[in-house]
Amino acid sequence: MPVKQELEFSQTGEIPPVHYQGKLGTSQISGFVDRVDLFTKDGRTYVRVVDYKTGKKSFDYTDILNGIGLQMLIYLFALKQYGPDLFGTEVNLGGVLYVPARVPVISSPTKLTAEGARNKRLVEFQRKGLVLGEPAVLQAMEPEFESGSKFMPFRLDGKGNLTGDLASREQLELLEQYVNQVIQSMTDQIYAGNVEPNPIFRGSDQGACQYCEYTQVCHLSSDVKIRMMEKTDRKEFWQRVERQVRDSAEH
């Protein structure tokens with residue numbers, strides 16, 4: 001059930017900025033959440049963050065590992081902390097969803113029937129994201145998911161097993177620790193004065209460089225080495241997150 005729209009994290013918003021404590025200093029992140037949903041079952045309340053997208057950018061495992069696209073996860077984890085004050089109850093992590101906010105133009109080399117056009121358009125309306133893989137929560141998101149999910153990033157395979165962009169409670173907690181470590185590391189690099197150009201691209205996609213406001217003072221055209229993202233699948237993603245959190249705890 002939607003409980004908040006345009007929820008603001010800021011000094012003047014409903015929730016204060018999200019703070020991260022590094023070794024060298026503190027950083028804070030401000031912004032908006034398009035929508036916040038709550039679901040309660042058997043005495044447990046789950047929170048889900050929803051972001052409306054007019055483009056095609058969505059949840060991507062490769063981006064997360066490279067410190068990109070963390071915003072919605074940051075807000076999700078912050079809502080767990082602020083849940084009692086904001087909602088009057090403790091909340092558990094339910095996930096993040098990116099929802100298409102545009103009417104897609106359907107193209108086809110052949111004439112489509114009304115039903116064919118509808119089915120093709122449904123594909124464009126599918127949500128992307130990462131959600132808690134527990135049946136009660138998934139059913140709340142899409143009541144008829146067991147007969148085939150039309151809109152959510154999960155489905156039943158041919159053997160009746162749930163598959164898709166799902167995470168256990170333990171995995172979401174690991175991801176929270178991982179994101180905390182990434183932001184704390186970024187904070188320390190800023191305080192240490194590390195502002196050297198260090199771009200990372202995905203194939204022909206220039207990533208952040210495409211819209212960077214510091215193009216005029218960047219030495220990208222001379223001796224800066226460009227890093228390339230390595231495509232990461234779901235299985236490798238969780239392995240690397242777990243390894244990074246474990247290694248950080250040991251040091």
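The values are calculated or read from the model by the stated rules, or taken from the named source; none is laboratory data. If you're wondering where the values come from, they're calculated on a predicted model, not measured in any experiment. As a convention, Cβ positions derive from the backbone with ideal geometry for all residues, glycine included, and neighbour counts pool all protein chains shown. Heads up: the accessible areas ignore ligands, DNA and RNA and are worked out on the full protein's heavy atoms, side chains in. Shrake-Rupley method; radii C 1.70, N 1.55, O 1.52, S 1.80 Å.
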- Message: Could you give the length gained by full extension between residue 226 and residue 192, i.e. 0.36 nm per residue of separation minus their alpha carbon distance, to one decimal place?
- Response: 10.1 nm
- How large, in percent, is the carbon and sulfur part of the accessible surface of the chain at a probe radius of 1.4 Å? 49
- Projected onto the charge dipole of the chain (unit charges on the beta-carbon of Lys, Arg, Asp and Glu, signs +1, +1, -1, -1), the Cα from 215, 71, 54 with the largest positive-side position is that of 54
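Too long at a 25 Å Cα-Cα cut-off: which of 53/150; 120/231; 4/231; 41/150?
Details: 53/150 18 Å; 120/231 27 Å; 4/231 35 Å; 41/150 23 Å.
Beyond 25 Å between Cα atoms: 120/231; 4/231.
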- What percent antiparallel are the DSSP beta bridges of the chain, to the nearest 5? 65
- Message: What distance in nm lies between label points placed 7 Å from Cα along the C-beta direction at residue 12 and residue 234?
- Response: 4.3
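Averaged per residue, what accessible surface does the chain expose to a 1.4 Å probe, in Å²?
61
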- Per DSSP, loop trypsin sites (Lys or Arg not before Pro) in region 40-82 with at most 13 further Cβ within 10 Å: 56, 57
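For region 8-85, what relative contact order do you get, as a whole percent, if you take Cα pairs closer than 8 Å and at least 6 residues apart?
On the way: 80 pairs, mean separation 16.9, N = 78.
Relative contact order, region 8-85: 22 percent.
Out of region 67-130, which GluC sites (Glu not before Pro) are coil in DSSP terms and have no more than 13 other C-beta atoms within 10 Å? Don't skip to the end; give the middle numbers.
Working: sites: 90, 115, 124; in loops: 90.
Sparse-neighbourhood loop GluC sites (Glu not before Pro): 90.
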- Would you mind classifying region 81-206 by shape? Square roots of the alpha carbon gyration tensor eigenvalues, ordered a ≥ b ≥ c; an a/c under 1.5 is rounded, otherwise it is prolate if a/b is larger than b/c and oblate if not. oblate
- Message: Give me the dipole magnitude in Debye, nearest 20, for the chain about the Cα centre, with unit charges on the beta carbon: positive for Lys and Arg, negative for Asp and Glu.
- Response: 880
- Could you bin all the Cα-Cα distances of the chain into 5 Å bins starting at 0 and give me the percent of pairs in each, rounded to whole numbers? 1, 5, 11, 14, 17, 17, 14, 10, 6, 4, 2, 0, 0
